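First comes the structure, then the notes that go with it.
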Amino acid sequence: MKLSIVSWNVEGVVPDTHFAEALRSLGDPDVLCLQEICIRASDEVRVAAMASALPGYQAHYSLNRDAQNVLVRGGRSYGVVTYWKESLAPARAEVPEWDLEGRVVFSRFEGCTVANVYAVNGTSKPYFDHELGRFEGDRHAFKRRFQRMVLEHAAKLSPIILAGDWNVSQARIDSYPRLRTEEPHVRARAEFLELAESARLIDAYRHLHGNGKGYTWFNRRSRTLDAARVDFFLVSEDLVPITTSARIFDDPKFRRHTDHAPIGLIIDGS
C-alpha cells in the first residue's frame, strides 16, 4: 500500500475548479482532507458543485445539520470533505449519526481507513444536547465528548489514519509563545492524549521529527509569533513502520485565505 494524503483547514474557502491548481503545489495527493468548508447540507447546488470540483476525484463529506447549536452565518459553519482519486480502489463513506455539526467523515478503503476530522474548539457557550432535548453543559464539555467519540470509534477501525484540525496542542513544544495550562484546556488535552494512547494512535509528525518544531496555525492579528501545531495525523501503530513522511507546508502562500497551513503524510508499504 502506498498513499499520500494532504489535510488542510481552508477556513471557508469553498473548493472549486481553481482549487486543482493548489493540488499541484501540494504534490497531487491521493487523498485530500479539507476542513471548515462552510456549506450547509441543505444547499444542494453548492454541495453538488463541491462534490464535483476536482476532476479525477470522488468526494465524501459531512456537513452541518444542527439547527440548534450552529446558527452563525445561517448555519454555514464547519463541514469536512474528503477527496480521493478515482484510480484508488473504491471507498465507502461513513458519517456517524452523532455528527450533526459536520465534523468527521470516515473513508474506508481496502486495507485502511482515512478519517477527516475537524474537532471542536471549546468555549463557554451553552450546548444543546439532542439526546436529552435540552441545553446541557457547554462546548468545552462537548469538545471532550467529541474527542472521545471519534477516538473510540477509530480504535475499532484499525489500521486507520486520522487527519485534520484537532484544536488541541499536545505538548509545550507544539505551541508558541506558551501552552495553555489552565482549565478547561488542560483537561481536554489530558483526555485527548489518554484516548489516543488507548487507541494505539501515534502522532506521525512527532514520530518522524523528534523534537523538531513546526506550527500549522498562525494568529494573523498578532505582530509577533503566536502559533501552534493543532493540525496533525494520527496513525495506527501498525502503520508507523511504513509512514515515510509527515510534513507541514509552511510556505506563507498557502495562508492567504486561512490561518492554517496544509499538512502532508505518505505511507509506503510497497
Candidate set from region 175-192 (those that are under 20 Å from the mean Cα position of the chain (by Cα) and surrounded by 15 or more Cβ atoms within 10 Å (Cβ to Cβ)); member that is nearest to V150 (Cα to Cα): F192
Residues (under 21 Å from the mean Cα position of the chain (by Cα) and of a type in the set (S, T, Y)) located in region 1-44: S4, S7, S25
Test: residue in region 45-64 that is over 16 Å from the mean Cα position of the chain (by Cα), part of a loop (DSSP other than H, G, I, E, B) and touching a residue at least 40 places away in the same chain (Cβ under 8 Å): no
Counted residues, region 6-34 - those being closer than 15 Å to A59 by Cβ and either at pLDDT below 95 or surrounded by fewer than 23 Cβ atoms within 10 Å (Cβ to Cβ) (or both): 10
Within region 252-270, considering residues that are in a loop (DSSP other than H, G, I, E, B) and of a type in the set (D, E, K, R), the one surrounded by the most Cβ atoms within 10 Å (Cβ to Cβ): D259
When residues of region 110-146 are limited to those that are free of Cβ contacts under 8 Å to residues at least 60 places away in the same chain and closer than 30 Å to P90 by Cβ, the one surrounded by the fewest Cβ atoms within 10 Å (Cβ to Cβ): E110
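Could you say which residue among R187, R178, R247 is free of Cβ contacts under 8 Å to residues at least 60 places away in the same chain and either within 24 Å of F142 (Cα to Cα) or part of a helix (DSSP H, G or I) (or both)?
Numbers: R178 fails: either within 24 Å of F142 (Cα to Cα) or part of a helix (DSSP H, G or I) (or both); R247 fails: either within 24 Å of F142 (Cα to Cα) or part of a helix (DSSP H, G or I) (or both).
Residue meeting the stated conditions: R187.
The values are calculated or read from the model by the stated rules, or taken from the named source; none is laboratory data. Since the structure is predicted, the reported quantities are computational estimates derived from the model, not experimental observations. Cβ coordinates were reconstructed from backbone atoms using ideal geometry, including for glycine residues, and neighbour counts include every protein chain displayed.
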